[in-house]
Structures are given as C-alpha cells and as structure tokens.
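A short reminder: the numbers here are calculations on the coordinates, not readings from a lab. The model shown is predicted, which means the values in this text are computed figures rather than measured ones. Cβ coordinates were reconstructed from backbone atoms using ideal geometry, including for glycine residues, and neighbour counts include every protein chain displayed.
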Amino acid sequence: MGTWDIGPFDNDTAADFSYRVDEAPEEKRAEVLLATFREVTATGEEYLDSDVAVEAVASAALVAAQCPGGDPVTTSYAPKNPLPPLPPELRPAAVEALDRILTEPSELLELWEESDGEAWKTGVRRLREVLAGA
C-alpha cells in the first residue's frame with residue numbers, strides 16, 4: 001500500500017476506492033459505502049485485511065463530512081463527483097466499522113502502530129466521534 005500521509009484518502013487504496021465511488025450511479029453510492037462497512041464488520045474476530053479497512057475509513061470520512069461538526073473532504077484523491085445526501089443509517093454502520101478497525105487483529109492498525117500510529121488513530125477516533133454524535 002502506498003501511503004503518503006495519515007488522512008483517510010492519503011493512500012493508493014483509498015484513491016482507487018474513490019474512483020469506484022465515482023463510477024457508481026448516484027443512487028447507488030450510499031450502498032457502495034455501506035458495503036465497505038459491512039465487509040469490515042463481517043470479519044468478526046478474524047484478521048482484518050488493511051485494504052478492506054482503508055476503504056471503510058475513506059467511506060466513514062465521506063459520511064462524517066455530511067454530519068454536524070464533520071470536516072469536508074477536500075483532497076484531490078477523494079471522489080470527484082459530489083455525493084448525494086447520505087442516509088443517517090450509514091452513521092452507526094460506520095462507527096461499528098471504525099471500532100473494528102481499531103481492534104486487533106487488524107492489519108491496518110498493526111501497520112500504523114509500526115509508524116505514526118497515534119496521529120492516525122486520533123484521526124480515526126475523530127471520525128468516530130463525529131459519526132457517533134450525529
């Protein structure tokens with residue numbers, strides 16, 4: 001995974017995921033995001049692959065951007081097409097996915113703990129806080 005910073009879209013996998021979101025019909029984009037959350041939570045206590053987790057973190061950032069207190073996603077690596085208003089039902093699914101990503105066994109968590117893990121975890125926790133409070 002090519003990663004250049006700690007943001008939700010600051011890696012190759014998330015940038016590729018953005019293209020998939022853009023390619024989905026507007027009415028299906030919420031389903032694309034929800035699918036990433038479900039893929040993460042379906043792992044239960046099994047090992048969570050980093051690529052799956054990265055897509056869910058990016059999805060959570062897109063949902064959080066539409067929540068009160070959420071930060072807009074302004075990076076050039078995010079989806080180019082504006083997202084329609086997302087259903088509020090995505091928020092608890094995003095929180096559950098983020099909780100799973102921050103729980104071992106999680107490859108993404110392990111990778112970040114080998115480098116700038118605290119800064120990355122702070123960003124993910126901030127997303128969770130916005131989503132849980134909305």
- request: Scan around SER106 for amide H atoms under 5 Å from its own, H built in the peptide plane at 1.01 Å from N, and keep only partners 5 or more places away or cross-chain.
  value: LEU48
message: List residues of the range 68-95, by number, whose backbone nitrogen lies under 19 Å from a label position 7 Å along Cα→C-beta of THR122.
response: 70-72
task: Enter the angle in degrees (range 0 to 90, nearest 10) between the Cα long axis of helix 50-64 and the first principal axis of the Cα atoms of the chain, meaning the one along which they spread out most.
output: 40 degrees
- line: Two pseudo-spin positions, 7 Å from Cα along C-beta at THR74 and at GLU113, lie apart in nanometres by 3.4 nm
message: To test your reading of the geometry: what angle, between 0 and 90 degrees and rounded to tens, separates the Cα axis of helix 12-23 from the longest principal axis of the chain?
response: 20 degrees
- request: State, as an integer percentage, the relative contact order of the chain based on alpha-carbon contacts under 8 Å between residues 6 or more apart.
  value: 31 percent
message: Helix-only estimate, please: 222 nm mean residue ellipticity of the chain, summing -39500 (n - 2.57) across DSSP H runs of length 4 or more and dividing by its residues, to the nearest 500.
response: -18000 deg cm²/dmol
- line: For the pair ASP5 and THR41, the simple spin-label estimate (label points 7 Å beyond Cα toward Cβ) gives in nm 3.0 nm
